[in-house]
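The values are calculated or read from the model by the stated rules, or taken from the named source; none is laboratory data. Remember, predicted model here, so these are calculated numbers, not experimental data. Here the Cβ positions follow ideal geometry from the backbone for every residue, glycine too, while neighbour counts run over all protein chains shown. To get the accessible areas, we keep the full protein, side chains included, count just its heavy atoms, and leave off ligands, DNA and RNA. Shrake-Rupley method; radii C 1.70, N 1.55, O 1.52, S 1.80 Å.
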Amino acid sequence: MILADIGQLPPQPWLALLAVFFGAIVGSYIGVVVLRWPLGEKTSQGRSKCDHCGRQIAWFDLVPLFSFLLLKGRCRSCNAKIDWVQAAAEWSCAVLCGLAFFLFPFAEAVAFSILCLLLIPLALLDARHFWLPDRLTMALAIGGFLLGSFTSDDTSLLSRILAAFMVFAGLELLRRLFRAWRGIEGMGAGDPKLFAALALWFAPLELPFLLLASSLLGIALALVLAFQKRAVRQIPFGTLLGIAAIVLPIVKAI
């Protein structure tokens, strides 16, 4: 009974503020993961250092959110630009976690925050490297299996599992048919897995909206790149799908 009451606790400003700080700290580590993991470097050991001059970064230059602003996005030692991924991870995690506890009841806010913290590294890795690691996608799927009822309007677990199977089969078939027809990859192998993992977080009727929104974002991105006369070789569909999955619950809450 007490747990149920806590779960339905309405949005509280002080919880939102705490969530901002928590999200910023987690986002700082996510930034390290996105920058180091693709290079085969350890993400949980070793002092942070500048990617350009190699000098270790002092603790007061590692304060999430604020250090990047105070340093104006540059290394204190060599004045080289700090990678934008670090700031993007910190700010997106902080803002979204705070927004979750400002918009949703406690249990739903916790679930939405976890969804965002799992999606942000996937979205950044796909935007940067066109890579959706299976381990992160599996973590997202497990999160949806355990917490999806809070973000899917209490849709039954069985319905969400069936929807996940169907969307994976549909996108994977489409990916293979396109490859057989054109002889090139039109969609990354990780995209169907990501969509299936997201299906465990959303009601089945919301999935077409996710697919439509991410497709429209892809078209818009392609048009922007074409307008800038930049070659469009590949679109990070996983990133766009992640953005749509984060925006949809916020739009519903507003």
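Can you pull the percent of the chain's accessible area that's carbon plus sulfur, 1.4 Å probe, other chains left in place?
Here carbon and sulfur together make up 69 percent of the probe-accessible area.
May I ask you to list the residues of the range 112-155 whose amide nitrogen lies under 20 Å from a point 7 Å from Cα along the Cα→beta-carbon direction of residue 222?
126-131
Tell me, what is the per residue accessible area of the chain in Å², probe radius 1.4 Å? Walk me through the numbers before you get to the answer.
On the way: 14650 Å² over 254 residues.
On a per-residue basis, the chain sits at 58 Å².
Please work out whether the chain counts as rounded, prolate or oblate from its C-alpha gyration tensor, where a ≥ b ≥ c are the square roots of the eigenvalues and a/c under 1.5 means rounded, while otherwise a/b larger than b/c means prolate and anything else oblate?
It comes out oblate by the Cα gyration axes.
Can you give me the Kirkwood hydrodynamic radius for the range 11-139, using every pair of distinct Cα atoms, in Å to one decimal?
15.4 Å
Please give the contour-minus-distance gain from residue 66 to residue 17: 0.36 nm per residue of separation, less the Cα-Cα distance, rounded to one decimal in nm.
16.1 nm
Taking the Cα centre as origin and putting +1 on Lys and Arg beta-carbons and -1 on Asp and Glu beta-carbons, what dipole magnitude results for the chain, to the nearest 20 debye?
Dipole of the chain, to the nearest 20 debye: 1140 debye.
I need the peptides 160-168, 234-242, 77-85, 194-202 ranked by packing, meaning the mean over residues of other C-beta atoms within 10 angstrom, with the highest value on top.
So the order, starting with the most tightly packed, is 194-202, 234-242, 160-168, 77-85.
When the helices in the chain are scored as -39500 (n - 2.57) per DSSP H run of 4 or longer and the sum is shared across all residues, what 222 nm value do you end up with, to the nearest 500 deg cm²/dmol? Mind dumping the intermediate values first?
Details: 10 runs with 171 residues, N = 254.
It lands at -22500 deg cm²/dmol.
Which ³J(HN,Hα) values in Hz, rounded to whole numbers, follow from the phi angles of the range 132-143 under the Karplus curve 6.51 cos²θ - 1.76 cosθ + 1.60, where θ = phi - 60° and Gly and Pro get x?
With coefficients 6.51, -1.76 and 1.60, one gets 10, x, 4, 5, 6, 5, 5, 4, 5, 5, 5, x Hz.
What's the FRET efficiency of residue 74 with residue 250 using the Cβ-Cβ distance as r and R₀ = 25 Å, to the nearest 0.05? Each step should come with its number before you reach the end.
Details: r = 32 Å, r/R0 = 1.30.
Efficiency, from the Cβ-Cβ distance: 0.15.
Run down the lysines and flag those whose C-alpha is under 21 Å from the C-alpha of residue 81, throwing out any fewer than 8 positions away in its chain.
The reachable lysines, counting only those whose Cα sits under 21 Å from residue 81, are 49, 72.
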